[in-house]
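Heads up, the thing below is written out as C-alpha cells.
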Amino acid sequence: MKHAYEDRIAGILLGLDQLRAADLRTTVVSLGDREVIGYQCNIHGAAVHRYEHASPADSEMLAAFESRLGVELPADYFQWITRVGDGGAGPMLGLLPLAQEAEDAAIDYAADFPFTADRPCAPAAEDSEIQWSENIGRIHRGATFLANEGCGMYNLLILRGPAAGQVWWHSYEHAAALPVLHPDTHKPLTFLDWYELWLTRALDPDHDQIGSFAKFTDQV
C-alpha cells in the first residue's frame with residue numbers, strides 16, 4: 001500500500017539527484033604527505049552533507065522517542081526519516097538526526113511548544129538576560145532541531161502543541177522563534193513543504209538559493 005507521501009518524497013529525491021549532479025564537484029587536495037578528496041559546491045551547506053543521506057531511523061528508537069514525546073511524530077517527517085534517512089542531505093547544512101540538540105539545549109520533549117503563527121516568539125531585548133533565558137526556556141519545548149543554518153540560526157520542527165508539524169526559524173543568539181511561511185500562500189510550512197521550497201529555489205536559475213529561512217518569516 002502506498003503511503004500518503006510517496007509521490008512527493010520520490011519527486012524530492014529526483015530533484016535532489018539533479019541538484020547533486022549539477023552542483024557537487026570533487027577535487028584532490030594535497031596535504032604535503034598525502035592527498036585527500038575535497039568537495040566544492042555552490043549550494044549553501046552542500047559541502048557539509050555532500051547530498052548523502054544518513055541511515056533510516058531505527059524503529060525501536062522511534063517507538064521509544066514517541067513514547068517519551070507523548071504524541072506521534074508529524075507524518076511526513078516520520079515517512080522521510082524511516083524511508084530515506086534520519087539526517088543528511090537537505091536544506092542548510094543538512095538534516096540533523098531526530099533529537100540531536102544544539103547549543104547545549106535541553107529540549108523538554110514532553111511539553112508543548114507554546115507559540116503559534118499569530119503569537120510567535122519575538123527576539124529578546126538585547127540588554128535583558130532574563131528575557132533571553134525565559135524565551136529560550138519556552139522555545140526549547142516540544143520541538144527538534146531540524147537543520148543548522150550557521151551563525152547560531154536553526155530550523156526547528158515542532159512536534160507538540162498548536163504548531164505541531166510546522167517548521168520554525170530559530171535564532172539562539174536573539175532567543176527568537178518565528179514560523180517559516182510559504183512565499184505565495186503565507187501559510188506555515190510542513191517538513192516536506194520546507195524541503196520542497198529549498199529544493200525548488202536551488203534548482204531554479206531565476207531564483208536565488210535559500211541561505212536562511214529567516215527571509216520567509218514575517219518579522220525578520
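The set of residues in segment 100-131 that are outside any loop (DSSP other than H, G, I, E, B) and of a type outside the set (S, T, N, Q) comprises Asp108, Cys121, Glu129, Ile130.
Confirm whether Thr27 is farther than 25 Å from Cys151 by Cα, in contact (Cβ under 8 Å) with a residue 12 or more places away in the chain, open to solvent by less than 70 Å² (accessible area, probe 1.4 Å) and assigned to a strand (DSSP E or B). For Thr27, the condition - farther than 25 Å from Cys151 by Cα, in contact (Cβ under 8 Å) with a residue 12 or more places away in the chain, open to solvent by less than 70 Å² (accessible area, probe 1.4 Å) and assigned to a strand (DSSP E or B) - is met. Of everything in segment 30-51 that is surrounded by 13 or more Cβ atoms within 10 Å (Cβ to Cβ) and of a type outside the set (A, V, I, L, M, F, W, C), the residue that is modelled with the lowest pLDDT is Tyr39.
Considering the conditions (1) open to solvent by 20 Å² or more (accessible area, probe 1.4 Å); (2) closer than 27 Å to Leu197 by Cα, Glu60 is excluded by exactly one of them, (2). Taking first residues from segment 105-133 that are over 16 Å from Glu173 (Cα atoms) and partners that are assigned to a helix (DSSP H, G or I) and open to solvent by 30 Å² or more (accessible area, probe 1.4 Å), the Cβ contacts under 7 Å between residues at least 6 apart in sequence or on separate chains come to Tyr109/Arg68; Ala110/Arg68; Pro114/Arg138.
Check whether at least one residue in segment 95-110 is modelled with pLDDT under 95 and more than 23 Å from Gly161 (Cβ to Cβ), and report yes or no. No, every residue in segment 95-110 fails to be modelled with pLDDT under 95 and more than 23 Å from Gly161 (Cβ to Cβ). Kindly indicate the residue of segment 191-220 that is outside any helix (DSSP H, G or I) and touching a helix residue (DSSP H, G or I) at 6+ places or on another chain (Cβ under 6 Å) and also most open to solvent (accessible area, probe 1.4 Å) among those meeting that condition. Ranking the candidates gives Val220 first.
Taking the criterion of being under 28 Å from Ala4 (Cβ atoms) and either in a loop (DSSP other than H, G, I, E, B) or open to solvent by 40 Å² or more (accessible area, probe 1.4 Å) (or both), the residues of segment 173-187 that qualify are Val180, His182, Pro183, Asp184, Thr185, His186, Lys187. Among the conditions (1) among the aliphatic types (A, V, I, L, M); (2) out of contact with any Phe, Trp or Tyr (no Cβ under 7 Å at 6 or more places or on another chain); (3) in a loop (DSSP other than H, G, I, E, B), the only one that Ala163 does not satisfy is (2).
For segment 151-172, enumerate the residues that are open to solvent by 20 Å² or more (accessible area, probe 1.4 Å) and either among the polar types (S, T, N, Q) or under 22 Å from Thr200 (Cβ atoms) (or both). Once the filter is applied, which keeps residues that are open to solvent by 20 Å² or more (accessible area, probe 1.4 Å) and either among the polar types (S, T, N, Q) or under 22 Å from Thr200 (Cβ atoms) (or both), segment 151-172 yields Met153, Gln166.
Pairs meeting the criteria (first residue in segment 61-82 and touching a residue at least 24 places away in the same chain (Cβ under 8 Å) and within 15 Å of Gln166 (Cβ to Cβ), second residue surrounded by fewer than 17 Cβ atoms within 10 Å (Cβ to Cβ) and of a type in the set (A, V, I, L, M, F, W, C), beta carbons under 7 Å, at least 6 apart or on different chains) are Ala75/Ala4. Taken together, Pro97, Pro91 contain a single residue that is touching a residue at least 60 places away in the same chain (Cβ under 8 Å), open to solvent by less than 70 Å² (accessible area, probe 1.4 Å), at negative phi and in a loop (DSSP other than H, G, I, E, B), which is Pro91.
Here Arg138 meets the list (1) open to solvent by 70 Å² or more (accessible area, probe 1.4 Å); (2) over 28 Å from Thr185 (Cα atoms); (3) not in a loop (DSSP other than H, G, I, E, B) almost entirely, failing just condition (2).
Once segment 47-88 is narrowed to residues that are in contact with a Pro (Cβ under 8 Å, 6 or more places away or on another chain) and in a helix (DSSP H, G or I), the residue that is nearest to Arg141 (Cα to Cα) is Ile81.
The values are calculated or read from the model by the stated rules, or taken from the named source; none is laboratory data. From a predicted model like this one, the values you see are computed outputs, not experimental measurements. Because the Cβ atoms are built from the backbone with ideal geometry, glycine has one as well, and the counts that use them run over all protein chains shown. These accessible areas exclude ligands, DNA and RNA; they are computed on the full protein's heavy atoms, side chains included. Shrake-Rupley method; radii C 1.70, N 1.55, O 1.52, S 1.80 Å.
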